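Below is one structure. I have some questions about it.
The values are calculated or read from the model by the stated rules, or taken from the named source; none is laboratory data. Please read all numbers here as calculations on a predicted model, not as lab measurements. With ideal geometry, Cβ positions are generated from the backbone for all residues, glycine too; neighbour counts draw on all protein chains shown.
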Amino acid sequence: MTVLLASCQTIRIGMNPAPDANAFLDALKNQDISAIKNSVASGSDVKNETLTKSLEKIQNSDSAASKSAKEKISKLEVVDCYMGSDRSICKLSNDSELVLKKDGLAWKVDLEESTFSDVFEKDMQSLFRAEQPPEYVTIQFTLALLEGNLEQAKEYSTDRTHLMLPLIVGMMSAAQQDQSEEQKTKMDEARKELSSMACEVSGDRAECAPEGKEKSMSLIRDNGVWKVDFRKGGDEDHSEEDDAESMDSEESDDEM
């Protein structure tokens, strides 16, 4: 809205973005997918789809993680907003931000530019990761290595393991690109063996291996979440080389 004064001075009065930011949060709290879609700006399809999948996962589960997620969402609030002519930023109670873009007389959330999406997804993943048993974590980590997926491998491993992953994933990727039929068969067998993964748990530590395999993969419980932990040589007589060799169930020792 524009107001013209007698002195010809122009004062621009804008629409407060806070109500639209709150409308988005209310839709989130009510798990109203349709309302969320209407609150989001065009061009946010990818992150909107990710958000929708997370909400559907919460809706379709009665687990402790799902209940914690609902409680966490219910506490989301708009702390403050900074309004621009066609772009505004609202700070939220979870230390993230919503970027809103002008859409006619209203504001719509731009999920692609908002830090909210990444913070929200990280929080949700942490909640549900706490429910994943060591067997599942070991399988997902091993599949990530076999498929050369560095980011997924990081998700299921400790920080000190991250230091070794680029080299290991690179070796596995190279092996897949230049493998004989024999090696290809071994890789396929390694994937099949993952279905028989079994773990021996002792407190916050676990040793996991497919049935019939001697070499195991070590895991630790980090803040309630199981993660693969490659130890340094000399630590409990378990070396990096041992971990690297066991990651593909003894089927690709030559590449390691």
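Any residue at all in region 145-168 that's charged (D, E, K, R), over 22 Å from the mean Cα position of the chain (by Cα), surrounded by fewer than 17 Cβ atoms within 10 Å (Cβ to Cβ) and closer than 30 Å to Leu25 by Cβ?
To start, the set of residues in region 145-168 that are charged (D, E, K, R) comprises 147, 151, 154-155, 159-160.
Of the ones still in play, those that are also over 22 Å from the mean Cα position of the chain (by Cα) are none.
Looking for residues that are charged (D, E, K, R), over 22 Å from the mean Cα position of the chain (by Cα), surrounded by fewer than 17 Cβ atoms within 10 Å (Cβ to Cβ) and closer than 30 Å to Leu25 by Cβ, one finds none in region 145-168, hence no.
May I ask you to list the residues in region 71-82 that are buried (at least 17 other Cβ atoms within 10 Å of the Cβ) and either within 19 Å of Asp123 (Cα to Cα) or at pLDDT below 95 (or both)?
Ile73, Leu76, Val78, listed by residue number.
For Leu105, work out the one condition from (1) surrounded by fewer than 16 Cβ atoms within 10 Å (Cβ to Cβ); (2) more than 24 Å from Thr52 (Cα to Cα); (3) in the same structural domain as Trp226 (by TED's automatic domain parsing); (4) not small (Gly, Ala, Ser) it doesn't fulfil.
The single condition Leu105 does not satisfy is (3).
Looking only at region 94-125, how many residues end up being in contact with a strand residue (DSSP E or B) (Cβ under 7 Å, 6 or more places away or on another chain) and polar (S, T, N, Q)?
Final tally of qualifying residues: 2.
Could I ask something else about it? Can you tell me which residue within region 161-189, out of those that are modelled with pLDDT of 80 or more and assigned to a loop (DSSP other than H, G, I, E, B), is nearest to Gly212 (Cα to Cα)?
Out of the qualifying residues, it is Met164.
Report, ordered by the first and then the second residue, all pairs with beta carbons closer than 6 Å, sequence separation of six or more or different chains, a first member in region 187-212 that is within 23 Å of Gly148 (Cβ to Cβ), and a second member that is at pLDDT below 90 and surrounded by 14 or more Cβ atoms within 10 Å (Cβ to Cβ).
Glu189/Glu251; Ala190/Asp248; Ala190/Ser249; Ala190/Glu251; Glu193/Ser249; Pro210/Glu193; Pro210/Ser249
Give region 139-160 a look and list any residue that's at negative phi and either assigned by TED's automatic domain parsing to the domain that holds Gln125 or outside any helix (DSSP H, G or I) (or both), or say none.
Glu147, Asn149, Tyr156, Ser157, Thr158
Among the residues of region 34-44, is there at least one that is hydroxyl-bearing (Ser, Thr, Tyr), modelled with pLDDT of 90 or more and assigned to a helix (DSSP H, G or I)?
Checked region 34-44: at least one residue is hydroxyl-bearing (Ser, Thr, Tyr), modelled with pLDDT of 90 or more and assigned to a helix (DSSP H, G or I).
Can you tell me which residue in region 110-137 is farthest from Ala153 (Cα to Cα), limited to those that are part of a loop (DSSP other than H, G, I, E, B) and of a type in the set (A, V, I, L, M, F, W, C)?
Of everything passing the filter in region 110-137, Leu111 is farthest from Ala153 (Cα to Cα).
Still on this structure, please answer the following. Of the residues Lys122, Lys192, Lys154, Lys102, which single one is in contact with a helix residue (DSSP H, G or I) (Cβ under 6 Å, 6 or more places away or on another chain) and basic (Lys, Arg)?
Of the residues listed, the single one that is in contact with a helix residue (DSSP H, G or I) (Cβ under 6 Å, 6 or more places away or on another chain) and basic (Lys, Arg) is Lys154.
Okay, residues lined up against (1) of a type in the set (Lys, Arg); (2) part of a helix (DSSP H, G or I); (3) modelled with pLDDT of 85 or more:
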{"position": "Arg191", "(1), (2), (3)": "yes, yes, no"}
{"position": "Ser195", "(1), (2), (3)": "no, yes, yes"}
{"position": "Glu200", "(1), (2), (3)": "no, no, yes"}
{"position": "Cys208", "(1), (2), (3)": "no, no, yes"}
{"position": "Ile220", "(1), (2), (3)": "no, no, yes"}
{"position": "Trp226", "(1), (2), (3)": "no, no, yes"}
{"position": "Arg231", "(1), (2), (3)": "yes, no, no"}
{"position": "Asp242", "(1), (2), (3)": "no, yes, no"}
